Amino acid sequence: MSPNVLTPGSTAKRALLAATAAVAALTLAACASGSAEEEPTSSGSAAPDTSAEAAVESFGDIAVQLSWIKNEEFSGEFFADSQGYYAEAGFETVSLTPGPSTGVAELVSGQADVALSDAVSIGSGIGNEGAPLKIIGATYQKNPFTVLSLADGGNIATPEDMIGKKIGVQDSNTALFLALLAANGLTEDDVEIVPVQYDPAPLVSGEVDGFIAYLTNESLILQAEGHEVTNLPFADNGLPFVAETFSVTDDSIANEREKLKAFLVAEIKGWTDAVNDPAEGSRLAVEEYGADLGLDPEVSAEGATVQAEELVVSDETAANGLFTISDELQTETVASLAGAGIEITADQLFDMTLLDEVYAENPDLVAYAG
């Protein structure tokens, strides 16, 4: 089995699902033959008349492309797996493939059923490439990207501070950075873009003055190492778009709607746990799902707490549930994309009807705070 493929839930949970599936099959066979005799389960016990578990539709496997490595940013997914929420929703296996990736190529090629991405990447794919994609929800209500710099180095506190500076930009974040420049009346000619990877070492060594990063990741890592940092948050400088978006193809919305809704139910349960217990979410990342990455437990714990308190929840989610994107935020997102030269409408970018149906059918999921 691939290390990226997760068999949802515990062994006991899987055994229960297997047993109940067998019960359902035997019950259907008995009905077809006209027999009213009760058939035993595979363990020899009597089959129940009805069962919530047996009634769960099986959706088989689902492939999820993550935007980043398996750290605390995906603690909700780790909870959904470890607590058996994916299994309860009807999935046999869930593959969580680590990035970095925007997920656009994986979705279009059929390698992924769902990609955790961002509004600029998906919007660019739709507006500039005609990709048949939609955002159906967002984990982060606020853009987590930042131009990270050292206070005793580039000290980039405003967009104008970037002029004439060397900015380290990763390949998958190029569209994001160009959008930031455009949103602030700047062009590529105003800065020197330096291709980098995801380790902020070039920033520390002085090779670049600024570095595209996450507020909950590289910024915290450098602070933990004793560096005084300066952040230029995208969200506060023209790009208040949603991120870690649940992005899918138009075809899957049309033909696999119930599968996507089941996935969202499992994700809401997982992120409810992550919001209420960020310490455990961090532990899952450090000790289990990202155990081979050498994650710093303190940095991970802080990142999990910051995202739970500042990025995942908002007034909108408190009122209407996790992953919801208000009409106002949709409008702001589309406007910020237009400022970056990406012409697209809210209807072309978002389809919130699946999440609306999920909450209409499962109103208890709205109250994630308890």
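The values are calculated or read from the model by the stated rules, or taken from the named source; none is laboratory data. The structure presented is a predicted model; accordingly, all values stated were derived computationally and were not measured. Because the Cβ atoms are built from the backbone with ideal geometry, glycine has one as well, and the counts that use them run over all protein chains shown. In case anyone asks, the SASA skips ligands and DNA or RNA and just uses the protein heavy atoms, side chains included. Shrake-Rupley method; radii C 1.70, N 1.55, O 1.52, S 1.80 Å.
Coordinate range of the alpha-carbon atoms in the stretch 61-153 per principal axis, descending: 50, 35, 20 Å.
Subtracting the Cα-Cα distance from 0.36 nm times the residue separation, let me have the gained length for Ser205 to Glu160 in nm, one decimal. Please report the intermediate quantities before stating the final value.
On the way: separation 45, 0.36 × 45 = 16.20 nm, distance 2.29 nm.
Net length gain for the segment: 13.9 nm.
Under the combined filter of DSSP loop state and at most 13 neighbouring Cβ atoms within 10 Å, the stretch 178-272 retains these GluC sites (Glu not before Pro): Glu207, Glu225, Glu228.
When the helix-only estimate is applied to the chain (DSSP H runs of n ≥ 4, each -39,500 (n - 2.57), divided by the residue count), what is the mean residue ellipticity at 222 nm, nearest 500 deg cm²/dmol? It would help to have the intermediate numbers written out before the result.
Working: 16 runs with 148 residues, N = 370.
Calculated at 222 nm, the ellipticity per residue is -11500 deg cm²/dmol.
Using the Stokes-Einstein relation with a Kirkwood hydrodynamic radius computed over Cα pairs, the translational diffusion coefficient of the stretch 231-335 at 25 °C and a viscosity of 0.890 mPa s comes to 155 µm²/s. Measuring between alpha carbons in the structure, the pairs from Lys134/Lys261; Lys70/Lys142; Lys134/Lys166; Lys142/Lys166; Lys134/Lys259 lying more than 23 angstrom apart are Lys134/Lys166; Lys142/Lys166.
With contacts taken as Cα pairs under 8 Å and at least 6 residues apart, the chain reaches a relative contact order of 23 percent.
For Leu354, Leu293, the ranking by accessible surface with the largest value first comes to Leu293, Leu354, using a 1.4 Å probe. Computed over the stretch 98-195, the Cα gyration tensor eigenvalues convert (square root of 5λ each) into semi-axes of 28, 14, 12 Å, ordered from largest to smallest. Rounded to the nearest 5, the antiparallel percentage of DSSP beta bridges internal to the chain is 60%. When every Cα-Cα distance of the stretch 166-307 is counted in 10 angstrom steps from zero, the calculated P(r) takes the values 10, 29, 33, 22, 6, 0 percent.
Within 10 Å of each candidate Cβ there may be at most 15 other Cβ atoms; applying that plus a DSSP loop requirement, which GluC sites (Glu not before Pro) in the stretch 52-108 survive? Don't skip to the end; give the middle numbers.
On the way: sites: Glu53, Glu57, Glu72, Glu73, Glu77, Glu88, Glu92, Glu106; in loops: Glu53, Glu57.
Loop-located and lightly packed - Glu57.
Could you tell me which label, among (i) 19.6; (ii) 23.6; (iii) 16.8, carries the value of mean projected area of the Cα convex hull in nm² calculated for this structure? This structure yields the entry labelled (i).
I need the shape label for the stretch 295-370. Rule: rounded when a/c is under 1.5, else prolate if a/b > b/c, else oblate, with a, b, c from the alpha carbon gyration tensor. Here the stretch 295-370 falls in the oblate category.
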